[in-house]
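Take a look at the structure set out below.
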Amino acid sequence: MTPTEYEYLRKFLKDNSGLDLSADKQYLIESRLLPLARKTGLSGIAELVQKLQAGSRPLITDVVEAMTTNETFFFRDKVPFEHFRDTIMPEIIKARAGRRSVRIWCAAGSTGQEPYSLAMCLKEMGAALTGWRIEIIATDLSQEVLEKAKAGVYSQFEVQRGLPIQMLVKYFKQTGETWQINPELRAMIQHRQLNLLHDFAQFGTFDVIFCRNVLIYFDQDTKINIFNRLARQIEPDGFLVLGAAETVVGLTETFRPIAERRGLYKPNDPRAAAAKPALAGVAPRLAVMAGR
């Protein structure tokens, strides 16, 4: 790969997915895109760049999906799900007692382990949520991983990563060497394709937003833009959950951290963020990088 080709791909990926690669990540692009080039019958990176420059829509999608990360597993990092069970939902149940409904958004649902983990948490709350309307929307950039999430079928290796054995037995059915999550939990999740650099106002407002291990891939201006727009989609007393390596501190005042609750944030004044214009130079699209 020539320096010119690398710079083209860096800009292409930032414009189309938000992925902000440093100057020393040429090896990463080669390791992800050379197999794709061969799979599509191209001679290498140079021909792939030519096809992208010519505007090949299928290839554009394939390149973005090849470069995004889909690392995930059930109850990943444990702490966010403890917060969800012990802090978030008790407050939501009390605050929403009148309307008896809750809306949750997993903004990087990947292959489904995170939204299904939340669905299992909600099911475990039993009678406390009887009669409640529960809506979980899981979005991701990749249509391929969304299809896997919809099916809810996982290998033995995947269900052994973070999933307690009692929940495996309770919520999954084994077929041969795979496990499928039961229809009741699958029905709790709506899977939608979303490039997080695109407008997501059409989804409405949420009580809880999980946006974990996504923003680490974006530059500072894009992170600020995302935070400001997330603030418009969250209820004034709602919760934002970020990954352990992510924070709003020093970036925005639209959210504030909750003391002694790592990764958990409350909105300050979402309506103030709505009045702020998008920062100059930030693309009007947002990319969800899976994973998390």
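Distances between placed amide hydrogens fall under 5 Å for ALA108 paired with THR139, all partners being 5 or more residues away or on another chain.
Whole-Hz Karplus values for the stretch 165-179 come out as 4, 5, 6, 4, 5, 6, 10, 10, 10, 8, 10, x, 9, 10, 10 Hz, taken residue by residue from phi with 6.51 cos²θ - 1.76 cosθ + 1.60 and θ = phi - 60°; glycine and proline positions read x. Helix 220-232 and the long axis of the chain differ in direction by around 30°, with both axes built from C-alpha atoms.
Measuring r between the beta carbons of ASN268 and MET125 and using R0 = 30 Å, the FRET efficiency lands at 0.60. Note on the chain: with a GNM built from Cα contacts shorter than 10 Å, the maximum mean-square fluctuation among ALA151, ALA201, ALA107 falls on ALA201. Accessible surface of the stretch 78-154, 1.4 Å probe: 52 percent of it comes from carbon and sulfur atoms.
Placing +1 on the Cβ of every Lys and Arg and -1 on the Cβ of every Asp and Glu, with no other charges, gives the chain a dipole of roughly 700 debye about its Cα centre. Using the Karplus relation 6.51 cos²θ - 1.76 cosθ + 1.60 with θ = phi - 60°, the per-residue 3J(HN,Hα) values for the stretch 84-96 come to 4, 6, 9, 10, 5, 5, x, 5, 5, 4, 5, 6, 9 Hz, with x marking Gly and Pro. Which of these, CYS211, CYS121, CYS106, has the largest mean-square fluctuation under a Gaussian network model of the chain (Cα springs below 10 Å)? Sorting by GNM fluctuation, first place goes to CYS121. Full extension of the chain between HIS198 and ARG99 yields a length gain of 32.6 nm, computed as 0.36 nm times the residue separation minus the alpha carbon distance. Multiplying the residue separation of GLN156 and SER22 by 0.36 nm and removing their Cα-Cα distance gives an extension gain of 44.6 nm. Using 0.36 nm per residue and subtracting the Cα-Cα separation, the extra length available between GLU7 and ARG38 on full extension is 9.0 nm. Picking from ALA138, ALA244, ALA23, which is most flexible by a Gaussian network model of the chain using Cα springs under 10 Å? In the Gaussian network model the winner is ALA23. At q = 0.08, 0.11 Å⁻¹, what is the base-10 log of I(q)/I(0) for the chain according to the Debye formula with one equal point scatterer per Cα and no solvent? Please give it to two decimals. Cα-only, vacuum Debye calculation for the chain: -0.36, -0.68. Note on ASN182 and ASP77: their simple-model spin labels are 3.0 nm apart, each label 7 Å out from Cα toward Cβ. Take the chain with all the other protein chains still there, run a 1.4 Å probe, and you get 46 Å² of accessible area per residue.
The values are calculated or read from the model by the stated rules, or taken from the named source; none is laboratory data. Model, not experiment: these values are computed from the prediction. Note that each Cβ is placed from the backbone with ideal geometry, even for glycine, and that neighbours are counted across all protein chains shown. Just the protein is used for accessible areas: all its heavy atoms, side chains included, with ligands, DNA and RNA removed. Shrake-Rupley method; radii C 1.70, N 1.55, O 1.52, S 1.80 Å.
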